[in-house]
Every structure is written in C-alpha cells, then in structure tokens.
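Undergrad: Have a look at this one.
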Amino acid sequence: MSLLFALLTRKPRKPVSIRRNVLLLSLPVLLSSLFQRLVSIVDVFLTGGLGASAIAATGLGQLLMVTTMTVFWGLSTGTTVVIAHLCGAGRREEASRAAYVACLAGLVMTIVCSLAGSRWGGDIARMMGATGEVQALAAEYIRLVFLWMIWTTGLNVLSAIMHGNGDTRTPMEAIIVVNILHVLLAWPLIYGKLGMPALGVKGAAIAINCSEFVGFAYLLIQAVRKRYVMCNRLNFGLFSKIWKIGWPVALERVAQQSGQLFYSSFIIAYGTTAYAAHQIGLSIESLSFMPGAGMGIAAATLMGQSLGAGKVRRARISHKEALRLAVGVMTVMALIFFFAPHFLIGLFSSDSDVIEKGSMFLKMVAFAQVPLAISFVYAGSLRGTGDTFYVFIVTLVAMWGIRVALSWVAASWLHLSLYAVWAVFLIDWYFRGAAFAWRYRRRDLHGVVL
C-alpha cells in the first residue's frame with residue numbers, strides 16, 4: 001500500500017522541470033513589475049504629505065502616462081512573441097534583427113507621444129474635471145514626465161526584447177536600480193531635504209526622469225553586450241510580424257486605459273477625497289497584479305518558445321503551471337486585502353474619510369483576485385499563440401460594454417453610491433476570466449505560425 005501511495009503521489013519529472021522554468025521566468029518579471037509599480041506608489045506615498053490635491057494630481061499624471069504607453073505595450077508584446085518564436089526555432093540572429101526593428105519603431109513613436117503629451121497633457125487633466133489646484137499641480141508633473149518619456153519607453157521595449165530571449169533577470173536588475181535611485185532623489189526633491197529645493201509634485205517627476213535614464217542606459221549596454229540587438233538594415237518583414245501581433249494589443253490597451261479614464265471621471269465626480277481613496281486603493285491593488293502579470297508574461301514567452309520549437313505538449317503544461325502559481329499567490333493577496341485594508345490605506349493617508357473609503361475599495365478588490373489571475377495567464381498564453389485580436393475584443397467589450405456603461409448607469413442615471421460604481425469592476429473581471437478561458441480551451445495549438 002505504501003508503494004502504491006508513493007506512485008500515486010509522485011510528481012512527474014517533466015512538469016517539475018517546466019514549473020521551474022515558469023518560476024525562473026516569472027519571478028524576475030514579478031519583481032520587475034513590483035519594483036516598476038513601486039516607482040508610482042512611492043510618488044503617491046511621498047506626495048501624500050502635501051495633501052489630497054497632490055495625491056490626485058500625481059494620480060492623474062500617472063494615469064495619463066499609462067494610457068499613452070498603450071501603443072508601446074502593443075509594440076512590446078509583438079516583439080516578445082516574435083522573438084520568443086524565433087528563439088524557440090533556433091533563429092537567434094534573426095531574433096536580434098527583429099529587436100533592432102523594434103527599437104527603431106519605439107524611437108519614432110516616442111518622439112510623437114512625447115511632444116503631444118508635454119503640450120496637451122495639462123488640458124486633458126482639466127477636461128477630466130479636476131479642480132483648479134489639482135490642474136495646476138498635474139500640468140507641471142505631466143509636462144516633465146512626457147518631455148523625457150524616452151527613458152520610460154526605452155525600458156519597456158528593451159525589457160520586451162530580453163523577455164523574448166528568455167532573459168527576465170536583466171530587466172529586473174535595471175528596475176531595482178531605478179527604484180533605489182528614485183527613492184534617494186524623490187524625497188529630498190519633493191520636500192527640500194539634504195540641501196535640495198522643495199519642488200513638491202514637480203520634484204517627483206524629476207526623480208522619475210533621472211532614475212529611469214540610468215535604468216535605460218544599463219539595459220541598452222546589456223542588450224548590445226549580449227547581442228540581443230544587432231544593428232542592420234530595416235527589415236519590414238520582421239516589423240510586419242511584430243505589428244501584426246502588436247496592433248491588437250495596442251488597441252486592447254487603448255480600450256482599457258481610455259475606459260479607465262472615463263471610469264475615473266465617474267469617481268472624481270464624488271469629490272477629491274473619493275478620488276484620493278481610489279488612487280491609493282489602485283496603488284495598493286496594483287501590487288496584486290504583479291504575480292498575475294509575471295505569470296502571464298512567462299506563459300506568453302514559454303508558449304512562444306514551445307510553439308516555435310513545435311512542442312505543443314510542453315506549451316500546454318507551461319500554461320497550467322503558470323495558472324496554478326498565479327491563482328495560489330493572488331488568493332493570498334485577496335486574504336490580505338480583505339482582512340487588513342485599514343492598515344494598508346493608513347500607510348498612505350491619515351485622513352479618516354480617505355481610509356474609510358479606501359478600505360471598502362480594497363475589500364471589494366479582494367473578490368477580484370482569482371479572476372484577475374485567470375485573466376492574466378489565459379490572456380498571456382493566447383498572446384503567445386499570436387491570438388491577440390480576440391484578447392482585444394474581450395477587453396473592449398468588458399471595459400466599455402460592462403465597466404463604463406454600467407458605471408454611467410450607476411453614477412449618472414441611478415445616482416447610486418460610490419461603492420456601487422466600484423462594484424462594477426468585479427463584473428468586468430469575472431467576464432474576462434471566463435471569456436479568455438473559453439477561447440484557450442478551444443484553441444488548436446498545432447501548426448501555429450506567426
């Protein structure tokens with residue numbers, strides 16, 4: 001009987017090996033995403049001492065930057081998937097040429113977005129209904145982060161190139177350096193410590209620009225040294241492959257972030273305190289995105305490499321391992337959000353009204369953690385197969401057909417409470433999880449060609 005029990009409970013070697021690969025890829029991505037998000041969280045945390053208007057201004061600036069980065073996420077996803085398929089097929093030199101094409105495309109796109117954002121970003125804050133004080137603070141923050149966004153987009157594209165090569169550790173090292181420098185610069189620049197001028201919200205923007213420049217420089221040096229990028233003539237065929245996968249992702253992010261802008265406008269209508277609580281809650285909630293996002297990128301990379309090598313069974317097992325790990329970790333995050341919300345919100349603000357509203361937001365977020373994990377991993381695997389258009393359609397329907405539409409009904413038509421508007425995002429994420437899972441299970445992975 002003991003022998004039978006041992007045979008039944010013994011784990012097969014291959015899944016263990018794949019689980020190790022998933023962990024090796026996803027843990028650095030998880031930490032990279034965590035530290036990358038900490039840059040924004042630190043800004044919200046440090047500007048919290050300047051009042052609710054400073055928090056709201058910083059949040060608006062970050063939201064606008066994230067919205068602008070949608071196009072670059074499309075480029076990055078297409079780059080990661082194409083390079084992963086080429087590496088899986090053993091075509092490393094062609095992969096490095098694809099990386100060069102991605103870098104050139106990223107540079108052109110950055111110039112356009114940088115000029116537009118630094119010129120009209122402040123006007124968008126006004127159009128969103130921010131108060132005069134918030135508008136004034138947000139305008140300067142937005143102008144500076146957009147003026148030097150080349151470092152942000154460079155980090156994004158170079159990280160995507162390395163992810164496609166299966167190197168997730170180097171981007172993690174870069175973002176750790178960014179965070180350390182950011183903390184060392186932000187506090188004295190915001191509050192005028194260590195002999196520096198007290199620049200307030202403007203100081204937070206300067207700290208981001210300086211720290212991300214150093215991180216970008218480090219990644220660029222490593223990419224050239226490890227031959228991930230090879231300078232060559234522009235290959236429009238490779239760019240076509242990248243953009244074929246990337247443009248639906250870009251539209252997906254546009255749908256997500258533009259919808260988020262509209263959704264935020266409903267929150268702002270409930271007052272500055274409500275939006276400050278919302279922004280703090282989002283900053284904390286974003287920490288729970290990291291495991292799911294990390295596993296999603298690992299799933300996309302392993303799916304691409306496995307299909308590039310013609311190993312369908314390995315692709316399936318990689319997906320299952322990523323899903324199992326993501327659900328487990330995000331379940332733990334759900335318990336923390338539900339049972340310790342006051343403590344978490346209290347780290348960012350001492351305002352009792354902000355703490356009360358933010359705590360309720362986190363309790364509601366707890367119920368979204370498992371569908372979030374499912375959505376991230378299934379969407380990542382679908383992107384790894386090149387099925388990015390379906391992911392875009394689901395995102396479009398979920399964000400605009402569910403979140404924005406129902407929030408408008410709740411806030412503007414039925415005049416329900418702030419908590420009713422917040423509850424809408426739960427319906428959104430449960431729908432996405434079910435839609436992505438259904439598609440993946442019907443997806444034939446044999447003969448996938450980009």
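The values are calculated or read from the model by the stated rules, or taken from the named source; none is laboratory data. This one's a predicted model, so the numbers in the text were calculated from it and none came from an experiment. All Cβ positions, glycine included, derive from the backbone under ideal geometry; neighbour counts span all protein chains shown.
Undergrad: Only residues that are at pLDDT below 90 and β-branched (Val, Ile, Thr): list them for segment 339-384, please.
TA: Ile345, Val354, Ile355, Val365
Undergrad: Exactly one of these conditions fails for His415: (1) in contact (Cβ under 8 Å) with a residue 40 or more places away in the chain; (2) under 26 Å from Ala52 (Cβ atoms). Give me its number.
TA: Status for His415: all satisfied but (1).
Undergrad: Can I ask one more? Report those helices (runs of 4 or more DSSP H) wholly inside segment 59-152 carrying at least 2 residues which are under 30 Å from Gly310 (Cβ atoms), hydrophobic (A, V, I, L, M, F, W, C) and touching a Leu at 6+ places or on another chain (Cβ under 8 Å).
TA: On the way: elements: 70-88, 92-127, 132-147.
Answer list for segment 59-152: 70-88, 92-127.
Undergrad: Every residue in segment 51-75 that is among the polar types (S, T, N, Q) and over 12 Å from the mean Cα position of the chain (by Cα), please. Before the answer, list the steps.
TA: The first filter runs over segment 51-75 and keeps only residues among the polar types (S, T, N, Q), leaving 53, 58, 62, 67-68, 70.
Ser53, Thr58, Gln62, Thr68, listed by residue number.
Undergrad: For segment 50-73, name all the residues that are farther than 20 Å from Ala250 by Cα, aliphatic (A, V, I, L, M) and out of contact with any helix residue (DSSP H, G or I) (no Cβ under 6 Å at 6 or more places or on another chain).
TA: The one that is farther than 20 Å from Ala250 by Cα, aliphatic (A, V, I, L, M) and out of contact with any helix residue (DSSP H, G or I) (no Cβ under 6 Å at 6 or more places or on another chain): Leu50.
Undergrad: Moving on to the next point. Among the residues of segment 405-422, is any of a type outside the set (Asp, Glu), part of a loop (DSSP other than H, G, I, E, B), surrounded by 17 or more Cβ atoms within 10 Å (Cβ to Cβ) and at negative phi?
TA: Narrowing segment 405-422 to residues of a type outside the set (Asp, Glu): 405-422.
After this cut, where a residue has to be part of a loop (DSSP other than H, G, I, E, B) as well, the list is 414-417.
Pick out the ones that are also surrounded by 17 or more Cβ atoms within 10 Å (Cβ to Cβ) and you get none.
Taking every residue of segment 405-422 in turn, none turns out to be of a type outside the set (Asp, Glu), part of a loop (DSSP other than H, G, I, E, B), surrounded by 17 or more Cβ atoms within 10 Å (Cβ to Cβ) and at negative phi.
Results for (1) in contact (Cβ under 8 Å) with a residue 24 or more places away in the chain; (2) part of a helix (DSSP H, G or I), shown as yes or no for each residue.
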residue	(1), (2)
His319	yes, yes
Val327	yes, yes
His342	no, yes
Ser350	no, no
Asp353	yes, yes
Lys363	yes, yes
Ala379	yes, yes
Val391	yes, yes
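Undergrad: Can you say whether Gly386 is in contact (Cβ under 8 Å) with a residue 60 or more places away in the chain, in a loop (DSSP other than H, G, I, E, B) and touching a Leu at 6+ places or on another chain (Cβ under 9 Å), as far as the supplied structure shows?
TA: Values: in contact (Cβ under 8 Å) with a residue 60 or more places away in the chain: yes; in a loop (DSSP other than H, G, I, E, B): yes; touching a Leu at 6+ places or on another chain (Cβ under 9 Å): yes.
Here the answer is yes, as Gly386 does meet what is asked.
Undergrad: Please tell me if Gly304 is over 30 Å from Ala366 (Cβ atoms), in a helix (DSSP H, G or I) and touching a residue at least 40 places away in the same chain (Cβ under 8 Å).
TA: On the way: over 30 Å from Ala366 (Cβ atoms): yes; in a helix (DSSP H, G or I): yes; touching a residue at least 40 places away in the same chain (Cβ under 8 Å): yes.
Criteria met by Gly304.
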